[in-house]
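A short worksheet on the structure shown next.
The values are calculated or read from the model by the stated rules, or taken from the named source; none is laboratory data. Everything numeric in this text was worked out from a predicted model, so none of it was measured. Note that we place each Cβ from the backbone using ideal geometry, even for glycine, and neighbour counts take in every protein chain shown. Ligands, DNA and RNA are stripped out before the accessible areas are found, and what is left, the full protein with its side chains, is counted by its heavy atoms. Shrake-Rupley method; radii C 1.70, N 1.55, O 1.52, S 1.80 Å.
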Amino acid sequence: MRKSLRFGRRSKALKDNSRTPLIKENNNNIQDGYDQAGDGYDLPCQNTFHEEQCLQNKNPVRSQELAQLLEVVPDAISITSEDGYMCTVQPEPSSGQHNLTLSVVSLIQRSVSEHFPKPPTHPDQNLRQHLLHVQEAVVSELVRLGPLLDPKGLMGCLIDCYHRQTFDHLHSLLQNVTSTHSSFVLMNWATHTYHSKELLGHPELQKMDPIKKVDVLLFKEWSEKAKDKLLENVQTEVRRSLEKILQIETRQGHCDCEEDYVGLYVDIIQCIDAIHKEAQKISSKLSHQVQEICFRELLIFVSRYNTEQTEALGKIANMDKPATIHFLKTLRTCKELKQYVQTKGTGIKTSPLKETVQTLENLEASALDLLMDVVADIAESHLKKYFTSDSRRFLLLSALKEHFPKLRFGLEEQKTVMDEAYKLIVRIYVKRLVKISQSKLKKRWSADVGQTVTEDAELLHNTISDLAPGVQQWNLMLLRVTDILECNSIEALKITVASMQKQFLTKSNDMEFLRTLLRWKGLSKREVTEVLDALPPDFQPRPDPDHQPRSARPWCSCFSCLSC
């Protein structure tokens, strides 16, 4: 009752000054406002911030009546909402209708603000649920007020106010979210849910078609800010996740099961893939930008991993009984990450991809080098004893089984490593073999040295095939040595040596090995020269005055370093 009297007195005061102009613009355009609403009061409202105007007021409405429809108290009228924006409603130029009054607009603004859900205290924890509440609240009010305000020409203003309130609210949420997941939730909601049948496209709102009234510029402005915040969160979160993955890997120190074996690269790929897939739900351009950031962070990770893993494998290689599983795991990790980068990064032309692949290949080579150093040490140690001992015990095979046990996982890496180890062991065997005269070998073994070499070749192949099924038969090199020993004519020897050269000795510096092997067989210098001269011309070594010989590695792939 007090409110009615108050509004009545104020209305009366306005009527007493009914001819006073309320807005004056540039001294040339005078727009008079008059009270036409009985015991309510209606004032003009200027548009001070946006070109788009709300709908005109077709049927004047009392403030008290509107307040009841909106379920708000018609308190002091203010043209500015709680969120800092203004809303105006002006008639079409040809309508001849008066502007919606400040009281009407203020009531609509207050209704929107009061019915809009308050932001959550911790947006990162329950953001999705909060946005569902926003969706339900907006739809509920638009559906409820549609039949009531549309006939009065106020529905356009209500929709505009809800639209601006929504994006002001999204701006506020955007400032407070800190996780990549929350950024994706916000962007996905604004991009898809806001325009969907669950919200502005709701079947009961089709007549008003609120989607057409969405301010595109307002949406784009928010989307740009949201994208920048998302990319910032992606960089921070991916870097933090990869650092944590590397810390866990460094502390682990063991590899007892398949989960340990594949865990590193699986965690890395899942981390990057999850973010990329979420970005794809929003737009292909955004997913491309997200992917570029992820691959830049992956390069940083791979560089650190390369440094730390090379150092760690170096320490393992120097142990008395190095665990070869760590080398195999490194090879698998490098292979999988390289394949992932080359497959997923096809659309990215920036340098991180090439650098990442090159770094992974360097680490692969380093791991294999270190592991072959281990194999070379094992082979050298056992074969030296084997060829100088009176008892014929081929203990190298037992050592191989101990260092390279059969695994339920890592079979592909095991095969790759054993293939290289197989070639290396054969070469070391032959190198050690030709250092011992046949006369000494006949005393220690038997009169048929070639037969013993053949038996060793078969044992070696059976052992390595058991550890790595399908491995190439590199023991044929040893069988050719037996063939050379059994050749009784120079012409037959020429054919055997040529076959050996074609299959195994592709480097010109292997010529010295053939010379040593033929001398070990018992040929004179003249006979050796005759056999070697029969080899194809392209195999003959060519002097290179600029060549500076490098120190041979323990597992050098040529036979010229027989003095190692």
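Okay, here's what the table says:
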read-out: Residues of the range 432-470 that turn out to be open to solvent by 20 Å² or more (accessible area, probe 1.4 Å) and part of a helix (DSSP H, G or I), as a count; value: 16
read-out: Candidate set from the range 369-417 (those that are touching a residue at least 24 places away in the same chain (Cβ under 8 Å) and of a type in the set (K, R)); member that is farthest from S446 (Cα to Cα); value: R408
read-out: Residue match in the range 197-220 (condition: farther than 30 Å from G156 by Cα, aromatic (F, W, Y) and either part of a helix (DSSP H, G or I) or touching a Leu at 6+ places or on another chain (Cβ under 7 Å) (or both)); value: no
read-out: Residue in the range 386-405 that is under 23 Å from C255 (Cα atoms) and within 20 Å of the chain's Cα centre (by Cα) present; value: no
read-out: Some residue of the range 148-167 being at pLDDT below 90 and not in a helix (DSSP H, G or I); value: yes
read-out: Pairs with Cβ under 9 Å, 6+ apart, first in the range 511-536 and over 16 Å from V449 (Cβ atoms) and in a helix (DSSP H, G or I), second β-branched (V, I, T) and open to solvent by 50 Å² or more (accessible area, probe 1.4 Å); value: R515/T529
read-out: Any hit, the range 471-478, residues being assigned to a helix (DSSP H, G or I) and open to solvent by 60 Å² or more (accessible area, probe 1.4 Å); value: no
read-out: Hey, S524 more than 17 Å from L433 (Cβ to Cβ), modelled with pLDDT of 80 or more and not hydrophobic (A, V, I, L, M, F, W, C) or not; value: yes
read-out: Selected residue [hydroxyl-bearing (S, T, Y) and under 27 Å from G522 (Cα atoms)] from S366, S446, S398; value: S446
read-out: Count of residues meeting criterion [over 16 Å from F167 (Cα atoms), at pLDDT 80 or above and open to solvent by less than 40 Å² (accessible area, probe 1.4 Å)] in the range 199-233; value: 3
read-out: Residues of the range 274-311 classified as touching a residue at least 12 places away in the same chain (Cβ under 8 Å), surrounded by fewer than 14 Cβ atoms within 10 Å (Cβ to Cβ) and within 21 Å of L230 (Cβ to Cβ), total; value: 1
read-out: Residue that is out of contact with any Gly (no Cβ under 6 Å at 6 or more places or on another chain), farther than 21 Å from H326 by Cα and open to solvent by 10 Å² or more (accessible area, probe 1.4 Å), where the choices are E380, E412, E364, E420; value: E380
read-out: Test: residue in the range 173-183 that is part of a loop (DSSP other than H, G, I, E, B), open to solvent by 80 Å² or more (accessible area, probe 1.4 Å) and among the polar types (S, T, N, Q); value: yes
read-out: Residue match in the range 140-147 (condition: farther than 21 Å from K118 by Cβ, at pLDDT below 90 and outside any helix (DSSP H, G or I)); value: no
read-out: Checklist (1) modelled with pLDDT under 85; (2) of a type in the set (V, I, T); (3) open to solvent by 30 Å² or more (accessible area, probe 1.4 Å) applied to T236, failing item; value: (1)
read-out: Members of the range 472-492 that are among the hydroxyl-bearing types (S, T, Y) and under 25 Å from E420 (Cβ atoms); value: T482
